[in-house]
1. Across every pair of different alpha-carbon atoms, what Kirkwood hydrodynamic radius in Å does the chain reach?
2. FRET efficiency for residue 24 and residue 3, Cβ-Cβ distance as r, R0 = 30 Å, nearest 0.05?
3. Quick one: dipole size for the chain, taken about the Cα centre, charges +1 on Lys/Arg Cβ and -1 on Asp/Glu Cβ, in debye to the nearest 20.
4. Take the residue pairs 42/66; 17/119; 4/52; 47/71; 42/105; 3/111 and return only those whose Cα atoms are more than 19 Å apart.
5. Under 13 Å from the Cβ of residue 6, count the other residues' Cβ atoms, weight Lys and Arg +1, Asp and Glu -1, and hand me the total.
6. When DSSP beta bridges are limited to those with both residues in the chain, what percentage is antiparallel, rounded to the nearest 5?
7. Got a number for carbon plus sulfur as a percent of the chain's accessible area, 1.4 Å probe?
8. What does the charge count near residue 90 come to, summing +1 for each Lys or Arg and -1 for each Asp or Glu among other residues with Cβ under 14 Å from its Cβ?
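The values are calculated or read from the model by the stated rules, or taken from the named source; none is laboratory data. Keep in mind it's a predicted model, so treat the numbers as computed, not measured. All Cβ positions, even for glycine, are placed from backbone atoms using ideal geometry, and neighbour counts span all protein chains on display. For the accessible areas, the whole protein counts, side chains as well, though only heavy atoms, and no ligand, DNA or RNA atoms are used. Shrake-Rupley method; radii C 1.70, N 1.55, O 1.52, S 1.80 Å.
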Amino acid sequence: MIKKIEHIGIAVENPEKSNEIFAKLFGKTSYKTELVESEGVKTYFYKIGESKIELLEATKEDSPIKKFINKKGQGMHHLALHVEDIHSELARLTNLGFEAIGDIKQGADNKLICFLHPKSTGGVLIELCQEQDPV
Ligand code: ZN
């Protein structure tokens with residue numbers, strides 16, 4: 001079951017510049033940064049009330065964020081949905097015709113994640129995420 005919006009991901013070209021902009025906008029700096037080596041992404045997390053915003057910086061040329069920015073420019077990248085059980089939720093959604101991009105994998109912020117292809121979701125890249133027990 002989908003519980004809530006977990007966060008919104010924003011692809012940024014220049015993290016210094018974007019962090020300055022969003023810190024001004026939100027009135028606070030990011031509370032956490034994390035490098036996800038396997039994805040070629042560095043993330044900067046902001047929290048506004050119950051909601052989280054994740055800025056995404058490409059750390060290598062073949063990073064999906066780099067490809068996204070080259071194609072569409074920086075900006076809104078994905079909508080992340082919090083699910084209780086990512087395996088059953090992904091099975092439910094693929095049964096309904098949604099298309100997963102790759103397998104369930106380890107994402108930032110101690111979560112299991114999987115993306116749904118925007119061509120199956122009306123143009124929106126959707127990330128399913130399941131909280132893992134703290135390590
Ligand atoms: Zn995300």
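1. Working: mean 1/r = 0.0654 Å⁻¹.
When all Cα pairs of the chain are included, the Kirkwood radius is 15.3 Å.
2. Details: r = 31 Å, r/R0 = 1.03.
Calculated transfer efficiency: 0.45.
3. On the way: 18 positive and 21 negative charges, 98 e Å.
Value, rounded to 20: 460 debye.
4. Working: 42/66 12 Å; 17/119 31 Å; 4/52 11 Å; 47/71 28 Å; 42/105 16 Å; 3/111 15 Å.
Those over the limit are 17/119; 47/71.
5. Overall, the nearby charge balance is -2.
6. Numbers: 32 of 42 bridges.
If I count the DSSP bridges inside the chain, around 75 percent turn out antiparallel.
7. Details: 4170 of 7790 Å².
Carbon-and-sulfur percentage of accessible area, whole number: 54.
8. Its environment carries a net charge of -3.
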